[in-house]
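Coordinate-derived values only; no laboratory data. Please read all numbers here as calculations on a predicted model, not as lab measurements. So basically every Cβ, Gly included, is an ideal-geometry build from the backbone, and we count neighbours across all protein chains shown.
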Protein chains: 2
Amino acid sequence: MGEQHIRVVLVDDHPVVRAGVRALVSAQDDLDVVGEAADSAEAVAVVGETKPDVVLMDLSLGDGPGGAETTRLVRDLPSPPQVLVLTTYDTEADVLEAVDAGAAGYLLKDAPPDELFRAIRGTARGETVLAPSVATRLLQRAASPAPKVSPREVEILRLLARGLGNKEMARELLVSEATVKSHLSHIYTKLGVDTRAGAVATAIERRILRP
Amino acid sequence: MGEQHIRVVLVDDHPVVRAGVRALVSAQDDLDVVGEAADSAEAVAVVGETKPDVVLMDLSLGDGPGGAETTRLVRDLPSPPQVLVLTTYDTEADVLEAVDAGAAGYLLKDAPPDELFRAIRGTARGETVLAPSVATRLLQRAASPAPKVSPREVEILRLLARGLGNKEMARELLVSEATVKSHLSHIYTKLGVDTRAGAVATAIERRILRP
DNA sequence: ACTCCGGATAGCCGATCGGATGATGCCGGG
DNA sequence: CCCGGCATCATCCGATCGGCTATCCGGAGT
């Protein structure tokens, strides 16, 4: 069998979380934490230097590029590591973006240590590891129609959340009021609502808008 | 000078965070982690047994009572410990509730370890320790009028976010449509908006509603 | 080449909303 | 004891919204 020690790099902007994962992971005989990074740039550098088997990636990295983008970057490196996303949220959008970026697994931070260890080992073996709640969510969404809002519609949603009326949105976007209404109708259909307030709530819930 | 070792109990539902704080705090000569708890009941039990000087309290504890309520509980114990809130969010509502519950400090989880240590020591000495961002926010809000929505108005907001019309809300709440409109008007005034969509967005932003 | 989709536009109409104004009853703090 | 906040209800009215039906254009994909 290949490597006996799985080399792990941690990417998380929270010192506390890094310390926690390091403490837990290091205590495992077959797992070594060979590096840490607090942001995207650091992550790329550290991964390039240490050539880990697995990268534990947080999705929210503070200012610069997020975890999804960083996942892309490290996956584009020569002999790229497997990326296991370890984050707080399990939004559909987050999961999809991460998987799309080349993540091999998705775990939540409230997972018990055991699950974390198993996930790291599985990921290192090339397996795809999803937290139960994430897997469930994915299946749910896969069954139901995927509501993908267009860029323009997102703009509308943004203005909507600011409480603008159709007329005001029209002025803001330099289009006619009819166009705004048209977009809104499409948004309602896609989000499965029929009021502006509901659209805003659903948009925020699905992370189409950020509060 | 009193105790040379400051006894600390951790309350957080995330194993990873507990491990992280424990690893960081334990490495300090003058700080001892004498207990951990993952939920409110456990917290009260552990604090009662270990009589710590400081409790590091997360505000979101999963299912049962939250961190604010738990803070009240441990502060009501005989010879209560100081409570230092250590959480992810710095919402005005969260801060106020925590302080009201008897918390002596408020730190964010992305704080550097140094700051955490200083906060623990300060809290143990009875000082009030606020994260800079939290302090700033408090001053801001203290200057501007505090918009406190009534319980009934929160109910209205909840239904609003579900996209219900005034008539439907009225039926749901067993009141007349006029009453609903009245509440809405008050909500608009308090939140500084003039549309339902804006109200929902602002309510979520101010954490009056949870997405 | 042809189709599908996002984006833009138009008009119609009933339902709803938001603002203004005013009134009543209850409770708790000053 | 009186005031203020909360909750309740009522009416009026102009502005807006949401649903419906149709058309047009340009780019991406088959």
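Summary of computed values
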{"quantity": "Other protein chain Cβ atoms within 10 Å, averaged over every residue that makes up A:157-167", "calculated": "4"}
{"quantity": "Environment charge at residue B:27 (Cβ cut-off 13 Å; Lys +1, Arg +1, Asp -1, Glu -1)", "calculated": "-2"}
{"quantity": "Under 12 Å from residue B:167, Cα to Cα: aspartates and glutamates that are on another chain or at least 8 residues apart", "calculated": "B:177"}
{"quantity": "For the range A:3-93, alpha-carbon Rg relative to the globular expectation (2.2 N^0.38 Å, N residues)", "calculated": "1.00"}
{"quantity": "For the range A:64-81, 3J(HN,Hα) per residue [Karplus equation, 6.51 cos²θ - 1.76 cosθ + 1.60, θ = phi - 60°, Hz, x = Gly/Pro]", "calculated": "x, x, x, x, 5, 4, 5, 4, 4, 4, 6, 6, 8, 5, x, 6, x, x"}
{"quantity": "For the range B:49-55, 3J(HN,Hα) per residue [Karplus equation, 6.51 cos²θ - 1.76 cosθ + 1.60, θ = phi - 60°, Hz, x = Gly/Pro]", "calculated": "6, 8, 6, x, 7, 9, 10"}
{"quantity": "Inter-chain Cβ neighbour average for residues B:16-29, partner chain, 10 Å", "calculated": "6"}
{"quantity": "Neighbour-count ranking [beta-carbon atoms within 10 angstrom, fewest first] of A:148, B:167, B:109", "calculated": "A:148, B:167, B:109"}
{"quantity": "The range B:63-114, Rg to Rh (Cα coordinates; Rh as Kirkwood inverse mean 1/r)", "calculated": "0.98"}
{"quantity": "Kirkwood Rh in Å, taken over chain A so that all alpha-carbon pairs contribute", "calculated": "18.8 Å"}
{"quantity": "Hull shadow area, averaged, the range B:151-205 [alpha-carbon convex hull, nm²]", "calculated": "3.2 nm²"}
{"quantity": "Inter-centroid distance (Cα atoms) of the range B:4-79 relative to the range B:158-211, Å", "calculated": "38 Å"}
{"quantity": "Kirkwood hydrodynamic radius of the protein assembly as shown, Cα pairs, Å", "calculated": "23.7 Å"}
{"quantity": "Links that overshoot a 32 Å alpha carbon limit, given the list A:181/B:190; A:109/B:190; B:51/B:109", "calculated": "A:109/B:190"}
{"quantity": "Per-residue HN-Hα couplings for the range B:7-22 [Karplus 6.51, -1.76, 1.60; θ = phi - 60°; Hz; x = Gly/Pro]", "calculated": "8, 10, 10, 9, 10, 6, 7, 8, x, 4, 5, 4, 4, x, 5, 4"}
